[in-house]
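Written out below as structure tokens is the structure these notes cover.
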Amino acid sequence: MGRTGLGLAVITGCFLAGDFAKRRLGLILPGSVLGLFLLLGLLGARIIRYEWVEEASRLLIFVLPTCFVTLYVMAGAERTLWREWGAVIAGTLTLTVVLLWIFTGRLAQRLLRPTTRTNKP
Amino acid sequence: MNFLIWSFATIATFAAARWLFQRTKFPLLHPVLVSTLTLVAVVEATGRHYAEYAQGTQWMGWILGPGVVAMAAPVYHLRRLIFTRAGVLLTVVLSALAFSLATTAGVLALCGAGREIIQSLSLKAVTAAVAMAIAREAHAFPVVAGIGAMFAAVLGAALGPWMLHRAGVRDPRAVGLALGCGSHAVGTARAFELGEEQGTFASVGLSLTTLAAALICPPLFMLFLR
């Protein structure tokens, strides 16, 4: 619990620092994303140790889907949008997501082919 | 009172949906999808206002911020793999992101959609927390961006591996990258079910797409999709 608490404090601190920097400097990147890069920088510089944030990170990523739900439910309020654009949105998403998988998969397969499989991660 | 009722309803519904999904492993019963639809039905059936629900669960939305920051840990953990294959991985991720933005924006523009819808849905390949944050900054529809991301994620879990197999993508690393770049966290979870190699490359795809989108999309939206 101690390490998780420390990790949560570090992660929350990075988020608040990112949010503060965003508002103070008027940056276009979201504060949470600035916080992400800040934490990456601190980890890379070994100011923060990976072990300190590992458990807290897992916990936050585990509860994240529940937090999405609260925002997705709000989509129910957008009745006009779904009535007018629902079919177009569903069709476009289905088509473009499938095309994206095929494009990415085939490109990756082509670029990874020359390397030998002994370089497995 | 709102706070207690709606917070409890959301957590309990999600826990039940997660239990159902773990029992069945049926992709269309993904807990995010099932609990969202259930809660929309509850709000509608009880005649409550969505604003009331939003107010009661506001604190849960705040957690998305630290949740995005927490993604730095898995990216850092995979740094050796990322550096070893940096050239190929960056080429694949940047091409996939460009392809996703261009195809979605192109199709929607042809259909006559407005700027907000185009920007929001162009972010479908980006994990929902980041997609919603970017959409909010661009004054688009964060909720629609989140729905787009959820759609891509659930579709990935349901059809991704089968579709990739049909398209001749058999290399497990390529399958993983395609699922990670196109269907983010849910696609990554599905990739881990296929194998460790698929899962690892999906994690790399997800991580790098998140970083690339966070850096590229906000200025891109400012310049071209205003």
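The values are calculated or read from the model by the stated rules, or taken from the named source; none is laboratory data. These numbers were taken from a predicted model, which means no experiment stands behind them. For neighbour counting, all protein chains shown are included, and Cβ atoms are generated from backbone atoms with ideal geometry for every residue, glycine included. Side chains are part of the model used for accessible areas, which takes the heavy atoms of the whole protein and leaves out ligands, DNA and RNA. Shrake-Rupley method; radii C 1.70, N 1.55, O 1.52, S 1.80 Å.
Percent of accessible area on the protein assembly as shown owned by carbon and sulfur, 1.4 Å probe? Please list the in-between numbers first.
Numbers: 10230 of 15590 Å².
Whole-percent figure for carbon plus sulfur exposure: 66.
Using square roots of five times the C-alpha gyration tensor eigenvalues, list the equivalent-ellipsoid semi-axes of region B:41-83 in whole Å, biggest first.
Values: eigenvalues 293, 25, 5 Å².
Computed over region B:41-83, the values are 38, 11, 5 Å.
In region B:116-174, if every C-alpha pair distance is counted and binned at 10 Å from zero, what percent goes to each bin?
Spelled out bin by bin, region B:116-174 gives 27, 37, 24, 12, 0 percent.
Would you be so kind as to identify which of B:Pro31, B:Leu20, B:His165 lies farthest towards the positive end of the dipole of chain B, taking Lys and Arg as +1 and Asp and Glu as -1 on Cβ and the Cα centre as origin?
B:His165
Working out 0.36 nm times the residue gap between A:Ala9 and A:Arg58, then minus their Cα-Cα distance, what length gain in nm do you get to one decimal?
Details: separation 49, 0.36 × 49 = 17.64 nm, distance 1.40 nm.
So the chain would gain 16.2 nm between A:Ala9 and A:Arg58.
With a Cα-only, solvent-free Debye model of region B:1-48, what are the log10 I(q)/I(0) values at q = 0.16, 0.18, 0.30 Å⁻¹?
Listed by q, the Debye log ratios stand at -0.45, -0.55, -1.06.
Need one number: convex hull volume per residue for region B:67-131, Cα atoms only, in Å³. Walk me through the numbers before you get to the answer.
Working: hull volume 4.7 nm³, N = 65.
Expressed per residue, the convex hull around the Cα atoms of region B:67-131 is 72 Å³.
With +1 on each Lys and Arg Cβ and -1 on each Asp and Glu Cβ, how big is the dipole of region A:24-121 about its Cα centre, in debye rounded to the nearest 20? Numbers along the way, then the final one.
Numbers: 11 positive and 5 negative charges, 104 e Å.
Roughly 500 debye for region A:24-121.
Quick one: check the C-alpha center-to-center distance for region B:1-64 versus region B:141-167, whole angstrom.
Cα centroid of region B:1-64 versus Cα centroid of region B:141-167: 20 Å apart.
What number does the protein assembly as shown give for Rg over Rh if you use C-alpha atoms and the Kirkwood radius? Working shown, then result.
Numbers: Rg = 19.2 Å, Rh = 20.3 Å.
Answer for the protein assembly as shown: 0.95.
Taking 1 over the mean of 1/r across every pair of different Cα atoms in chain A, what Kirkwood radius in Å do you get?
Working: mean 1/r = 0.0539 Å⁻¹.
Result for chain A, one decimal place: 18.6 Å.
For region B:1-103, what is one quarter of the convex hull surface built on the Cα atoms, given in nm²? Before the final figure, lay out the partial values.
Details: hull surface 39.4 nm².
That works out to 9.8 nm², a quarter of the Cα hull's surface.
Compactness ratio of chain B: Cα Rg over 2.2 N^0.38 Å, N = residue count?
Working: Rg = 18.0 Å, N = 226, 2.2 N^0.38 = 17.3 Å.
Here the Cα radius of gyration is 1.04 times the empirical estimate.
Provide the buried accessible surface between chains A and B in square angstrom, both chains summed, 1.4 Å probe, rounded to the nearest 100. Show your work: numbers first, answer last.
Details: alone 10290 and 12910 Å², together 15590 Å².
Summed over both sides, the interface buries about 7600 Å².
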